[in-house]
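Peer 1: Sharing a structure with you now.
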Amino acid sequence: MDNEIQLVSDGDGLAVIGEPKAVEKFLRDEGVWAMSQGFDLRRVKALLGLGADIAQAASELSAISGRWIKLTEESARLVNEHGLMETDTDGVSHLMIGVPGRVKSWLQTEQNMGSLLTNPAALSGVAGVMAQIAGQQTMAEIVAYLDRIDTKVDEVLGKVDDTVLKDMRGARLQIRRAMTMRDREGRVTADAWSEVQNASGKLADVQGYALLQLEAIATKMESRKNVRGIAAAAEDVKPEVLKWLAVLADTFQLQEAFDVLALDKAMDESSEVLNARREGLEADRADRLELITGHTAELLGRMDTAVGRANKRLPLTRDKSLFIINAGNSVAADVHEFLGLLGVDADRRAWEPRPLAPVVEFGSKAIQQSKDKGPAVVGTAAFAATAVGLGRKYGGGNQA
């Protein structure tokens, strides 16, 4: 079996398992070695139980290694090219392949229990470990994001609601303690789980609070009917939105850590429990993402309305209108980055100042100049207003 590897995919990642040299050769030949990371298969042993056949499978686990790759547009081609086949474990596909090139079939039979991934319990364990790795990578990416935008989540919460801050700190401390104990003991014990299992509820409360803040920002933008009011509101929008996106990101990475712990606990029970837990956590994650994307879409929808009003008045309120358009683009970029961080493939929103006919463009600049310099250029302003009016009459400024 030295030249054989096994490919396992759960739709989010790809695991390549086998003798270390064969795994490395395959990944290097495919050009994806640099994007792969190693993972520990020892936790899978907990699901194998007892018995001679199982003991053989456990022995095989000790002799092989695994590498994991996040499924991106580039790495997903491996799954498509090799045609992985569905298994009895929901959402998980598998293939055994020679290095190089010789494909073997997937056989799930009792007589092949000694072969690692023909054991359903082992396959379930690998899928669980893959889900943990994916969660840990998301955690690392979110921590890097929070460092980059330099937003201190506790400071944000401390300025608005001590109760929410208390919930956030409590959940963070519980999860960090449980993760530390897991690292030390190699598993999540019943005592550790009893201490951390209510942390998810606290995180849900903080997430709900952050979403309410985004909703309030969106409502504030929509409530301003004139350009002056919209511009005043827009001045605070970018920093406020970024703060609450940071809070959402932090709750999300802590929830990922909680899910890692939950999967670890399930591995000590049975493959059936692990499969159910993995599927339940995936469904919960999808629900949280849907809730977050719904609120961010609403925010951008309200921003679109505000930008539309600013664009309509562009000839007469040039600087303020352009300020609102730029603010909208800045917020949209922040939201797009945040959603990408969570793995949401969303189209990026962007707005441009509407084109003006030359006579209206001239008039718009002149009006703005008169506002900047005051009464001294009142004559220019009057001429500019006439130019804007002519543009409307002859079609050049009919959007104003």
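Peer 1: Show me, for the range 28-35, the HN-Hα J-couplings you get by feeding each phi into the Karplus relation (A = 6.51, B = -1.76, C = 1.60, θ = phi - 60°), rounded to Hz, glycine and proline as x.
Peer 2: Working through the residues one at a time gives 5, 4, 8, x, 10, 4, 5, 8 Hz.
Peer 1: How much net charge surrounds GLY170 when only other residues with a Cβ under 15 Å from its Cβ are counted (Lys, Arg +1; Asp, Glu -1)?
Peer 2: Overall, the nearby charge balance is -1.
Peer 1: Sticking with this one: Quick check: Cα centre of the range 227-277 to Cα centre of the range 302-318, how many Å?
Peer 2: First find each Cα centre; the distance between them is then 33 Å.
Peer 1: Please report the spacing between the Cα centers of the range 351-371 and the range 196-224 in Å, no decimals.
Peer 2: Distance between centres, Cα-based: 40 Å.
Peer 1: What is the packing order of peptides 161-172, 317-328, 145-156, taking the mean over residues of other C-beta atoms within 10 Å and listing the highest first?
Peer 2: 317-328, 161-172, 145-156
Peer 1: Give LYS320/LYS373; LYS70/LYS152; LYS238/LYS320 a once-over and call out the pairs whose C-alpha atoms are over 21 Å from each other.
Peer 2: From LYS320/LYS373; LYS70/LYS152; LYS238/LYS320, over 21 Å: LYS70/LYS152.
Peer 1: Sort THR305, THR72, THR87 by Cβ crowding within 10 Å, fewest neighbours at the top.
Peer 2: Exposure proxy ranking, most exposed first: THR72, THR305, THR87.
Peer 1: If we count other beta carbons within 10 Å of each Cβ, what is the order of GLU195, GLU81, fewest first?
Peer 2: Lowest count first: GLU81, GLU195.
Peer 1: Modelling each spin label as a point 7 Å along the Cα-to-Cβ direction, I'd like the ASN226/ASP284 distance in nm, to one decimal.
Peer 2: According to this spin-label approximation, the distance is 5.1 nm.
Peer 1: While we're here: What list of ³J(HN,Hα) couplings, whole Hz, do you get for the range 231-239 from phi and the Karplus terms 6.51, -1.76, 1.60, once you set θ to phi - 60° and write x for glycine and proline?
Peer 2: 5, 5, 5, 5, 4, 9, 5, 4, x
Peer 1: Only counting other Cβ atoms within 10 Å, I'd like ASP10, ASP236, ASP88, ASP345 sorted with the fewest neighbours first.
Peer 2: Going from least to most buried by this count: ASP345, ASP88, ASP236, ASP10.
Peer 1: Give me a comma-separated list of calculated 3J(HN,Hα) values for the range 200-206, in order, Karplus coefficients 6.51, -1.76, 1.60 applied at θ = phi - 60°, integers in Hz, x for any Gly or Pro.
Peer 2: For the range 200-206, the Karplus curve yields 4, x, 4, 5, 4, 5, 5 Hz.
Coordinate-derived values only; no laboratory data. Keep in mind it's a predicted model, so treat the numbers as computed, not measured. Positions of Cβ are generated from backbone atoms using ideal geometry, with glycine treated the same way; all protein chains shown enter the neighbour counts.
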